[in-house]
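Enquirer: Here's a structure for you.
What follows is calculated from the coordinates using simple rules that are stated; it is not laboratory data. All of these numbers come straight from a predicted model, not from anything done at the bench. Glycine gets a Cβ as well: all are built from the backbone with ideal geometry, and neighbour counts include every protein chain shown.
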């Protein structure tokens, strides 16, 4: 890196030179805009966080029905608020690596069936009590067992028992799992005093912000917890104020007028417009979220793999990414994993080929109209996507009828119930979790009814395999099976698109989830 | 006070109560046939069969509907709507807050819209069929014809984003000083005013014009009163009943029909509260909101009826 640039970027960070000057100078020195911006971001970090002020965030995805009980968290607001007041044992880094959080270190037994987590000492809950391994055990127990009402129940089902051992907590698993620690990054598994059994909605945790005001569907105010254990990295603003702004236009207007500093879910259609607003930066990150067209592999006509292949080949993925995501995404390849997962291997891209699609369709002998159900709630633009798909299918001689279902009840009546429908997945922390959630026989959310005993066996074997190279090969084999025989069409992986105003510092691209993987409230700061 | 008048009022109130009972049955029946299942909706995509079964049992969704209806109605009569299924909050508390917010917004809009509408109506009659009349009617109709979200976004764009005179986020909360509260709701009040103004203004104009044909108006003219004096002293009082009716209808609209405005300005009122809970099949809350809305609507209509009766001299002074 040129010394001049380094010097300049520091000047910008210290406020002695403008960002525009810097970018102009950097361009003159032959640096691309992207690289220059990255340089600037790292310099802003080097200058260090600034303490103080009220960081204001406008969120889509909050409702009057929200609860502070982390077990019931299911939307954007509860996800972000949870990460303000609570913490998990481990967290995901921006490169998808595990980092210590409330656990300082962890190791497994040689057979990967028992995992030991050493619990951090000297961490205080908001109620003044010190966090102990007993609290961790109680938390994990509250999220498991037949009477639990937790979004993390699916994860905890893999756990046979949890117990304390001195300053550690031992998880004994039903089956070997090399990736088990990754599952504990789940946002429901926030450590609460006595596991939250006394008052699950108290929002008492170890996080950098204490929840001072919680008005469901309206606003949330967090005040900095003065005894927080990691003040160097989190809890820079004195106060974080989250306002629920479900309406897309209201959200962008609030950012443009300076009423809030950060917003989530910028509509791809308006990205170009709000980019022009002074001081506004659009923050996008490619992640694991993807949109799907699900076919039930066990229901006619989708039982015939030629029908499935024809329908996969008739998907114009590039058009989907260009028109629906406006370029904020990448094309899918009919399996749910992409480069943001560890141990990923790319497969040859399935092309958009109407001739081949027509060939397979003719071979299948099926020629009746196929009913595709969709709804605006399936994913943003799902109805448009279905219509685009209908047109490309027609080119291959496949007749599709698009049925628009009401958003009300879509998730209980259509998704995972009807043989051909649109949906989305947010992705999971690791490949195993994604496969196990939706592609093995017996999984509740096997929304493509993909039943393949050989595949199921591979999932279990891969899970217990501690040799990374071998596991990577297994994942490749599994991906090939789903790519060639599965019932899922993955047209695209969508980027998260957030936006920040002029005063926000400390933003880091994070592919794990929107708003820096839920850490923006805690890790961003306000520049002077 | 005369007995026919009292009898009439009592009759109206009784009818209102009966109607409310009928509505309560409809609300209850209606929420039973909403698509989807509340437990599924709460847990969403992350629902597992165990979690679903646990939640359903805890919510008492397995009891018969008639039992639940009587439980619900008898508790509701005492102001106890139970707890929200979705987040366990006391419904009366949350609803009360939302309702008072809605009433605050509605009242603020009414304080501006009602006098303005009547004044404009009177002015329109005074200069009837002239330029001013046409201008008032034209602008009024235009503002009503434009949908609320459009007017809202346009105002937001100019006054919040471009000029930055007012805020586009009308979030209000407990302990917010009145001045700030009023400042926060300037835009939604403006939008609501444009929505209800024309209806009331046109009705006022029509009702007064109707009376203006009467013989006593001619007398007043002959007596030498000016145009505005005639309208104010003689025409308006006699046209009051239909005006009150339409004002009350619009007040009811301001309370129960402002979901769109609440959403775009992020105002924490009843409409948004109801929509959120419909989305998660939170039946007790939906029922409570429905009942409150029905009560407001029926109540406003009773007031309109009574005011109509009282403004009618033939009923006020029976022979």
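Enquirer: For helix B:283-311, what angle does its Cα long axis make with the longest principal axis of chain B, in degrees from 0 to 90 and rounded to 10?
Expert: 20 degrees
Enquirer: Give me A:131, A:84 ranked fewest to most by other Cβ atoms within 10 Å of their Cβ, as a rough exposure proxy.
Expert: Fewest-to-most ranking of A:131, A:84: A:131, A:84.
Enquirer: With the Cα gyration tensor of chain B giving a ≥ b ≥ c as the square roots of its eigenvalues, does the rule (a/c under 1.5 for rounded; else a/b larger than b/c for prolate; else oblate) give rounded, prolate or oblate?
Expert: Here chain B falls in the oblate category.
Enquirer: Let me ask you something else. Given a Förster radius of 41 Å and the C-beta distance between residue B:57 and residue A:509 as r, what FRET efficiency does 1/(1 + (r/R0)^6) yield to the nearest 0.05?
Expert: Efficiency computed from Cβ-Cβ geometry: 0.40.
Enquirer: How high is the relative contact order of chain B? Use alpha-carbon pairs under 8 Å, at least six apart in sequence, and give a whole percent.
Expert: 29 percent
Enquirer: Using a 10 Å cut-off around each Cβ, can you sort A:430, B:260 from fewest to most neighbouring Cβ atoms?
Expert: Ascending number of Cβ neighbours within 10 Å: B:260, A:430.
Enquirer: To continue, here is another question. Does the range B:157-225 come out rounded, prolate or oblate by the C-alpha gyration tensor, with a ≥ b ≥ c the root eigenvalues, rounded set by a/c under 1.5 and, if not, prolate when a/b is larger than b/c and oblate if not?
Expert: Note, shape of the range B:157-225 comes out prolate.
Enquirer: Let me know the shape class of chain A, please: from the alpha-carbon gyration tensor, a ≥ b ≥ c as square roots of the eigenvalues, rounded when a/c is under 1.5, otherwise prolate if a/b is greater than b/c, or oblate.
Expert: Oblate is the answer for chain A, as a/c is 1.5 or above yet b/c matches or exceeds a/b.
Enquirer: Using the count of nearby Cβ atoms within 10 Å as a rough guide to exposure, how do B:256, A:490 rank from fewest to most? Provide the component values of the computation, followed by the final result.
Expert: Details: B:256 20, A:490 25.
Fewest-to-most ranking of B:256, A:490: B:256, A:490.
Enquirer: Using a Förster distance of 45 Å, how high is the FRET efficiency between residue A:451 and residue A:318, based on the Cβ-Cβ distance and rounded to 0.05?
Expert: Approximately 0.90, to the nearest 0.05.
Enquirer: Give me the percent of DSSP beta bridges within the protein assembly as shown that run antiparallel, rounded to the nearest 5.
Expert: Just about 80 percent of them are antiparallel.
Enquirer: Here is a follow-up. How shielded is B:165-172 by partner chains, expressed as the average number of their Cβ atoms within 10 Å of its Cβ atoms?
Expert: Average per residue, whole number: 5.
Enquirer: Another question about this same structure. Could you work out the relative contact order of the range B:228-319? I mean the mean sequence separation of Cα pairs under 8 Å and 6+ apart, divided by the number of residues, in percent.
Expert: Over the range B:228-319, the number comes to 41 percent.
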